[in-house]
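A short write-up of the structure that comes next.
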Amino acid sequence: MEVEMRIRGLMMDPVSNMPIVILKDVDSDTVLPIWVGPFEANAIALEIEKVVTPRPMTHDLLKNVMVGLGAIVQKVVVTELKDDTFYAVIWAERDGKIVSIDSRPSDALALALRMDCPIFVDEEVLKNSKVASASSERLSGDDLRKWLEGLDDEDLGKYKM
């Protein structure tokens, strides 16, 4: 089963200094942090802030290709968590044919924002992320979750590179 999520914000991990995308369940307080690279975080931040670049960035190009081919992105799904790595699938439809496209979650999320399509996370990923986070040396899963759930809009602020 899939859980619909929304991007709650972007922030920097104070320990690793890596960007984190915060996904939040639309129907509960469940959050899922996904660590991403700085370039992918920047692509997500640009779209969240509706910054127009002088030339298309990579995810804008992907959107333009999809639209130009008459494809509709139905949804993106974070499908798996294996060895501390998240996996995602972009579900697209063209001429009545549905296609699944393997993707990194950061790229899928950047495209979902541009295509205005829903974001889902497989329930198993949410369950497994609790176990994976609990085994982390940085913070326990419960500590991290409490910290993330306690954040307000000012804490998330604007992502800075």
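Every number here is computed from the coordinates shown, using simple stated rules; none is lab data. Bear in mind the structure is a predicted one, so any value in this text is a computation, not a measurement. Cβ placement follows ideal geometry from the backbone for every residue including glycine, while neighbour counts extend to all protein chains displayed.
In table form, for the structure just shown:
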item: Förster radius 35 Å - calculated FRET efficiency between residue 39 and residue 95 (Cβ-Cβ, nearest 0.05); result: 0.60
item: Computed E for residue 27/residue 116 - FRET, C-beta separation, R0 30 angstrom, nearest 0.05; result: 0.95
item: Percent of alpha-carbon pairs separated by more than 28 Å within region 2-150; result: 18 percent
item: Low-density loop cleavage sites - trypsin sites (Lys or Arg not before Pro) in region 1-96, where at most 12 other Cβ are within 10 Å (DSSP); result: 50
item: Over 28 Å between alpha carbons, listed pairs 24/97; 50/127; 75/127; result: 24/97; 50/127
item: Where a label projected 7 Å from the Cα of residue 85 along Cα→Cβ would reach, residues of region 16-45 with amide N under 15 Å; result: 35-37
item: For a label point 7 Å along the Cα-to-beta-carbon line of residue 18, residues of region 76-114 with backbone N under 12 Å; result: 84-86
item: Per-residue ³J(HN,Hα) for region 14-21, Karplus 6.51 cos²θ - 1.76 cosθ + 1.60, θ = phi - 60°, Hz, x for Gly and Pro; result: x, 8, 8, 6, 9, x, 10, 8
item: DSSP-assigned coil residues among GluC sites (Glu not before Pro) in region 12-109, each with at most 12 further Cβ atoms within 10 Å; result: 49
item: Point-charge dipole on Cβ atoms (K/R +1, D/E -1) for region 2-150, about Cα centre, debye to 20; result: 420 debye
